[in-house]
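These notes concern the structure reproduced below.
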Amino acid sequence: DYNNVASVSYYSVTSGNIYHTITNNIYSSNYASKILIGKNPGYLQEGIPYYSYDGHYFYTNYTTMISDYTSDSRAHSVNSNNPYFNYYQYLPLRSTTSYSASDLNSTINGKISSTSKLKDLGNDFVNNQNTYGVNALLMASIAINESGWGDSRIAKNKNNLFGLNAVDASPSQSANYYSSVSTCIKDFAETYMSKKYLNPNGSNYRGAYLGNKASGINVQYASDPYWGEKAA
């Protein structure tokens, strides 16, 4: 019952940017995270909470959103004829970034700690992009999201930047071990992406983009419904 909850996830606009404020406990008034989604397309106003069940159509009234959802409609959203799509969330991973290895290094190195496993990996990302056809910038974004900027326990203890095989029931124990982060990036690009998630004939294929729980890599890669948004 909507009247009995203390918090619901919502979108809002601040300084021209869309943010998604997420709760993971509807009975608590605290929020778990706030994600920068992208630029305001123009039809969202600052200072107003917007609700959305797919990240594409926005509502100012939660009950109205639920009504549209149950009738498989977007008719009463504020942008019924103009859905929003984050560029990077739907950019095919079968693409080539314009960022060079040195660009990636300078950007990432400026944001990480001294103990991060992500330092100076620009060449690894770009070389694997050119070998296996997986966008280097998007690979780096997934690694950043999965490894907590290279400082997660799995990244440090197992050189596993992507949470590979880190199942929900036993993430630390089940996660793959790699002899180096370079080996991990190669396995991610070659085996997990090129042969599985980006392969239309593969069982994991739901679209070759980050996506969400409706389509894209997010459908099977992560239980987090906002994994695609976070990496984007």
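The values are calculated or read from the model by the stated rules, or taken from the named source; none is laboratory data. Small disclaimer: the values here were computed from a predicted structure and weren't measured. Heads up, the Cβs are rebuilt from the backbone with ideal geometry, glycines too, and the neighbour counts pull from every protein chain shown. The protein model used for the area step is the full one, side chains on, heavy atoms only, and it has no ligands, DNA or RNA in it. Shrake-Rupley method; radii C 1.70, N 1.55, O 1.52, S 1.80 Å.
Which value, in Å², gives the accessible area per residue of region 1-140 when a 1.4 Å probe is used on the protein heavy atoms? Numbers along the way, then the final one.
Working: 7650 Å² over 140 residues.
Per residue, region 1-140 has 55 Å² of solvent-accessible surface.
Efficiency by 1/(1 + (r/R0)^6): what FRET value for residue 169 and residue 130, r their Cβ-Cβ distance, R0 = 35 Å, to the nearest 0.05?
In this case the efficiency is close to 0.45.
Once neighbouring chains are kept in place and the probe is 1.4 Å, which whole percent of the accessible area of region 94-232 is contributed by carbon and sulfur?
Values: 2850 of 6310 Å².
That fraction is 45 percent.
With a cut-off of 8 Å between alpha carbons and a minimum separation of six or more residues, what is the relative contact order of region 1-158 in percent?
Working: 227 pairs, mean separation 21.6, N = 158.
In percent, rounded to a whole number, it is 14.
If eta is 0.692 mPa s and T is 37 °C, what Stokes-Einstein diffusion coefficient results for region 97-232, Kirkwood Rh from Cα pairs, in µm²/s?
Numbers: Rh = 14.8 Å.
D, rounded to a whole number, is 222 µm²/s.
Classify region 17-84 as rounded, prolate or oblate from the Cα gyration tensor: take a ≥ b ≥ c as the square roots of its eigenvalues, call it rounded if a/c is under 1.5, otherwise prolate when a/b beats b/c and oblate if not.
Working: a/c = 2.10, a/b = 1.19, b/c = 1.77.
Since a/c reaches 1.5 but b/c is at least a/b, the shape of region 17-84 is classed as oblate.
In square angstrom, what is the accessible area per residue of region 183-231 with a 1.4 angstrom probe?
Details: 2010 Å² over 49 residues.
On a per-residue basis, region 183-231 sits at 41 Å².
In deg cm²/dmol and to the nearest 500, what is the mean residue ellipticity at 222 nm of the chain if only DSSP H runs of at least 4 residues count, each as -39500 (n - 2.57), divided by the residue total?
Numbers: 9 runs with 67 residues, N = 232.
It comes out at -7500 deg cm²/dmol, rounded to the nearest 500.
What percent do you get for the relative contact order of region 97-225 when only Cα pairs under 8 Å and 6+ apart count? Walk me through the intermediate numbers first.
Working: 191 pairs, mean separation 20.5, N = 129.
16 percent.
Between the DSSP loop rule and a limit of at most 13 other Cβ atoms within 10 Å, which chymotrypsin sites (Phe, Trp or Tyr not before Pro) in region 171-232 are left?
177
Could you work out Rg/(2.2 N^0.38 Å) for region 48-155, with Rg from alpha carbons only? List each step's numbers first, then the result.
Details: Rg = 19.1 Å, N = 108, 2.2 N^0.38 = 13.0 Å.
After normalising by residue count via 2.2 N^0.38 Å, the value is 1.46.
Leaving ligands, DNA and RNA out of it, report the carbon-plus-sulfur percent of the accessible area of region 11-68 at a 1.4 Å probe. Display every interim value, and only then the final one.
Working: 1410 of 2990 Å².
Exposed carbon and sulfur together represent 47 percent of the surface.
At 1.4 Å probe size, what's the solvent-accessible area of residue 54? Round to the nearest 10 Å².
The accessible area comes out at roughly 30 Å².
Just flag the trypsin sites (Lys or Arg not before Pro) in region 95-140 sitting in loop per DSSP whose Cβ has no more than 16 other Cβ atoms within 10 Å. Before the final figure, lay out the partial values.
Details: sites: 111, 117, 119; in loops: 111, 117, 119.
Of the trypsin sites (Lys or Arg not before Pro), the ones in loops of region 95-140 whose Cβ has at most 16 other Cβ atoms within 10 Å are 111, 119.
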